[in-house]
Amino acid sequence: ILNVEQSPQSLHVQEGDSTNFTCSFPSSNFYALHWYRWETAKSPEALFVMTLNGDEKKKGRISATLNTKEGYSYLYIKGSQPEDSATYLCARNSGYKLSFGAGTTVTVRA
Amino acid sequence: DVKVTQSSRYLVKRTGEKVFLECVQDMDHENMFWYRQDPGLGLRLIYFSYDVKMKEKGDIPEGYSVSREKKERFSLILESASTNQTSMYLCASNGQGGYNSPLHFGNGTRLTVT
């Protein structure tokens, strides 16, 4: 993988259901992996910064895991709520720059 | 609470105009950044600054310049606006820790060049 890639590009989830999506990145020159949540008409908000292989972080119903050897991170949303509707961005720190993926847009249907 | 403020939410300019986008942060952060966001693409770095009067080119600096005369303020300048600069512009800042430290973003400026 040459760039930071996020999949899927968008997803719809029923309120109350859980979901997850992926950030893939080059495993070489890895320093940190960021996750941000970007709600419409608001500024992107940092969720997690993860640095160690095997890291798991949690914030409320949202959690993330990190595999630096194979170059991927998963973001999980448990029991999705309408307020979880947003675009989720990941970004990889390669030591001299932060490269962003295009985002996964999550829409939670009531 | 941490705050990054961008001067305009929406801006419409004509081709050839000189455009100033202003960004102010109140966190005493050393590092400030300007990104643009276009559909289907990740945030792309235009310029960043790690200190007053210091600036570094990002991935797409062509057609832009920046100014950082005070620590809290980072301005993005479009010397002669063109239609391909129509985009969402985001300012961000962070403190010590470089790219291992989370970015704090402004609300963005949606610029339309006609």
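Laboratory data are not the source of any read-out in this text; all were calculated from the coordinates shown. The shown structure was predicted, so the numbers you read here are calculated from the model rather than taken from an experiment. With ideal geometry, Cβ positions are generated from the backbone for all residues, glycine too; neighbour counts draw on all protein chains shown.
The table for this structure:
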quantity	calculated
Residues of segment A:53-106 that turn out to be polar (S, T, N, Q), away from chain B (no Cβ under 14 Å) and either assigned to a loop (DSSP other than H, G, I, E, B) or in contact with a helix residue (DSSP H, G or I) (Cβ under 9 Å, 6 or more places away or on another chain) (or both), as a count	4
Residue list for segment B:2-45, filter: more than 21 Å from B:Ile60 (Cα to Cα) and without any contact (Cβ under 8 Å) to a residue 12 or more places away in the chain	none
Among the residues listed as B:Leu45, B:Leu103, B:Leu41, B:Leu90, the single one being within 14 Å of another protein chain (Cβ to nearest Cβ) and exposed (fewer than 14 other Cβ atoms within 10 Å of the Cβ)	B:Leu41
Residue ranges of strands (runs of 3 or more DSSP E) in segment B:21-114 with at least 1 members within 23 Å of A:Leu89 (Cβ to Cβ) and among the charged types (D, E, K, R)	B:31-37, B:44-49, B:109-113
Which numbered condition B:Gln96 misses (of (1) closer than 20 Å to A:Ala46 by Cβ; (2) crowded, with 22+ Cβ neighbours inside 10 Å)	(2)
Positions within segment A:1-12 being hydroxyl-bearing (Ser, Thr, Tyr) and away from chain B (no Cβ under 14 Å), in sequence order	none
Any hit, segment A:13-25, residues being within 13 Å of chain B (Cβ to nearest Cβ), surrounded by 13 or more Cβ atoms within 10 Å (Cβ to Cβ) and in a loop (DSSP other than H, G, I, E, B)	yes
Lone unmet requirement of (1) without any contact (Cβ under 8 Å) to a residue 12 or more places away in the chain; (2) farther than 19 Å from B:Ser101 by Cα for A:Ser85	(1)
